[in-house]
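Some notes on the structure that comes next.
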Amino acid sequence: MDKRSVFYILACLTGSILTACNPSSGSNKSGATPPTVQDRPTQHETINNAAAILAKTEVPILCYHRIEDGRKDDYTVSPALFEAQIRALADSGYHAILPDQLYGYLAHNETLPSKPVMITFDDSRVEHATIAAPVLEKYHFKGVFFIMTITYNKKNYMTKDQIAQLAKAGHTVALHTWDHTMVTKYKEAADWKKEVTDPKKGLESITGKPVDYLAYPYGIWNHQATEELNKQMKISFILISKRDSVYPLQTVRRMVAPAWTPQGLIKAMHKTFEKKS
Ligand SMILES: [Zn+2]
């Protein structure tokens, strides 16, 4: 390591020039990857740089939408199949982790339990509270529930009380924007406020807990959005697509859980998340 790198690290560690440690600033002619500090409004912490985060083994993350009988589409599993899939994960020794643990692992190299998996639910459907959460609890799992806040108390969607109850039971309540408009359509600061900042605060007041995680509507994102979300969220979740090279924490991949047999699901999960290199 050359003198310049040593100075860079010391400067970052002392926090005296935090802004100069931004991943986008400064060159790195030595070829070594310097540590970076991503500047967040409420906290200053030293976290792994983008290359280190991208190099980590991905944790398999499943994404469920509807859990009901009688529909045949890519976004629905029956209650019986859902339970069979969760039971198979439990029987195979998987441990369901939550976003705080994933963030600790990606940003700070904290250790995860063996065979980690994350089980997530999008769109604030009522069956997430009435069917999914009880099944998860039966198998001692916790889940992550991404709420679009326009649906509070609407038919077929969770009430505020149900959302609060999920948080109280130890699940993670997270944001799926206000009305599911894709982030690539936000044009000005007011759009971000309406779709992310205000609903985040609203959810926090319902749960009494911080809301630090978001799932992009339709999994659609662009670099500009990752930059904006990096100021407000610890992690944002996409679906299966290429990740952002500057803000990989804002593009963590999930796969839509298909209505396949439990063993088929576990196989697909491995194939999707195992390292290609
Ligand atoms: Zn959605």
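A few remarks follow.
- Loop sites in region 181-277: trypsin sites (Lys or Arg not before Pro), DSSP, at most 11 other Cβ within 10 Å: LYS187, LYS242, LYS275, LYS276
- Label-to-label distance, nm, for residues given as GLU227 and GLU188 (7 Å Cα→Cβ offset): 1.9
- Cross-link partners of LYS187 among aspartates and glutamates (Cα-Cα below 15 Å; sequence separation of 8 or more within a chain): GLU195, GLU227, GLU228
- Placed amide H near ILE147: partners under 5 Å, 5+ positions off or other chain: ALA174, LEU175, HIS176
- Out-of-range pairs (alpha-carbon distance over 27 Å; input LYS168/LYS201; LYS115/LYS168; LYS231/LYS271; LYS194/LYS231; LYS154/LYS242): LYS231/LYS271; LYS154/LYS242
Taken together, the values in this text are just the output of simple stated rules run on the coordinates, not laboratory data. Note that the coordinates shown come from a computational prediction; the quantities given were computed from them, not determined experimentally. Note: ideal-geometry Cβ built from the backbone for every residue, glycine included; neighbour counts use all protein chains shown.
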